[in-house]
Amino acid sequence: MTGNAGHKGHMPENPLDRLRDLCLALPATTERRSHGEPAWFVRDKKLFVTYADHHHDDRLAFWCAAPEGAQDELTASDPTHYFVPPYVGHRGWLGVFLDVELDWEEISALVVDAYRIVAPKGLLTELDKEREPSRRSQSSRTKLLEICRKLPEVDSEDDQHIAFLVRKRKFAYYLEDHHGDGRVALACKAGPGENTGLVDSDPARFFIPSYIGPRGWVGMWLDLPEVDWDEVGELVAESYRLTAPKLLWRQVEQAP
């Protein structure tokens, strides 16, 4: 079987079908059994996701390659959903339970991350071309750059996304097609409890970002028909305040 091409809810009757769809949607992905379980490979060689149907325990799950630090972060912050799998856990792989309430957007993000770790550059280029930025995302990128660069001593690192730093400490990200979700967003630090408060009050505009969400970060979608850029500026400024040395923040407060 070969592929080339979310929402939150209770476990479907057969999560294998949905997991299979996510994996086979990625370029040059093949499926075959490995150690008795369905598994997905890039070009039939490099494994990036494997199903785990009561594999050495009574749980339903899958295991996947994961970015550096993700295993520690997720298993510590949410052991109900994540665990260190046997055999491959020492390589940083992540286990994800499928017999609990599932967030399929998060699972999709994890699958794409796993694919990016093992796929060659040519396939990653193909994947990224499928998600080329729109005119609206270009405008959002420019506006966020202007907001962040008005703050004292801000640097940026532009790789797949843009990270904004003050004295080498990150306080915001511009996210475009993060984990292959096709969306454009801001992620930044928020005060204690503010991230969940924003999401609860307006889930159409705010979300909890992967990996950094448990540390109090919040996400705001920037690809909606209407974006409140004053509010974006306020969120960025608050994140900067939580990150920057006090002397730099005073410069912001004293600015005309």
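The values are calculated or read from the model by the stated rules, or taken from the named source; none is laboratory data. In this text the structure is predicted, and so the values were computed from the model without any measurement. Every residue, glycine as well, gets a Cβ built from its backbone with ideal geometry; the counts of neighbours run over all protein chains shown.
Quick notes on this one:
- Strands (runs of 3 or more DSSP E) fully within segment 147-256 that include at least 1 residues being surrounded by fewer than 19 Cβ atoms within 10 Å (Cβ to Cβ): 154-158, 162-166, 169-176, 217-221.
- Pairs are defined by a Cβ separation below 8 Å, a sequence spacing of at least 6 or placement on different chains, a first member in segment 148-168 that is in the same structural domain as Trp249 (by TED's automatic domain parsing) and within 19 Å of Leu247 (Cα to Cα), and a second member that is of a type outside the set (A, V, I, L, M) and surrounded by fewer than 11 Cβ atoms within 10 Å (Cβ to Cβ); the pairs so defined are Asp155/Lys168.
- Being closer than 27 Å to Asp57 by Cα, touching a strand residue (DSSP E or B) at 6+ places or on another chain (Cβ under 9 Å) and aliphatic (A, V, I, L, M) holds for only one residue in Leu123, Leu94, and it is Leu94.
Condition check ((1) basic (Lys, Arg); (2) loosely packed, with under 13 Cβ neighbours inside 10 Å; (3) outside any helix (DSSP H, G or I)) across all residues:
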residue	(1), (2), (3)
His56	no, yes, yes
Ala66	no, no, yes
Asp72	no, no, no
Ala76	no, yes, no
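- Taken as a whole, the condition of being within 28 Å of Thr75 (Cβ to Cβ) and outside the structural domain of Tyr82 (by TED's automatic domain parsing) does not apply to Arg250.
- Qualifying residue in segment 118-134 (condition: in contact with a Gly (Cβ under 6 Å, 6 or more places away or on another chain) and modelled with pLDDT of 95 or more): no
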